[in-house]
Amino acid sequence: MNDAAFDELIRASESIFLERHGIAPFADVTVKEICASARLSITEFCDAFARHVAHEYWLGNLSFRGADVAMGALYGYVMDTYHVRLPSYAWEVYSAFDDGEYSHRDDPDGTDPEEKYTKRAIESLVTRDKILG
């Protein structure tokens, strides 16, 4: 897998978000190049990118904000370009970061949503990936 291409998409996501508060780093030509070189369908690309984001976050190589923005950019790209939802693994990663963005209604004051929701969900996904190998 081309981790460098995924890392570049993550950096582009954060840069564009900071500059314009938009999510358009996933130029279709770039994604198609990655898919062609790695022989991935768009569904496989989404899951591979999400897996990369989850693992890099878990290892501490990617901040919550960077991972959250990257997953939001992926979601926006897939919805706008293909008019479909994310495949299941990518959706789980997206949801883990989405849940960490805000305090939930039943959370006591002082609850850190990243700790409570995102880290637990990502730990579960990373552990499952290691088991499934």
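Of note:
- For residue 131, the stated conditions hold: it is in a helix (DSSP H, G or I), surrounded by fewer than 12 Cβ atoms within 10 Å (Cβ to Cβ) and among the aliphatic types (A, V, I, L, M).
- The range 67-90: number of residues that are buried (at least 18 other Cβ atoms within 10 Å of the Cβ), of a type outside the set (Phe, Trp, Tyr) and in contact with a Lys or Arg (Cβ under 8 Å, 6 or more places away or on another chain): 1
- The helices (runs of 4 or more DSSP H) falling completely within the range 1-120 that include 3 or more residues that are modelled with pLDDT under 95 map to 3-20, 28-38, 42-58, 64-82.
- Failed item, numbered, when residue 116 is tested on (1) in contact with a Pro (Cβ under 8 Å, 6 or more places away or on another chain); (2) surrounded by fewer than 17 Cβ atoms within 10 Å (Cβ to Cβ): (1)
- Condition met for residue 124 (of a type in the set (Gly, Ala, Ser), within 21 Å of residue 43 (Cβ to Cβ) and in a helix (DSSP H, G or I)): no
The values are calculated or read from the model by the stated rules, or taken from the named source; none is laboratory data. No experiment lies behind these values; they were computed from the predicted model shown. Cβ sites come from the backbone with ideal geometry, for glycine too, and all protein chains shown count toward neighbours.
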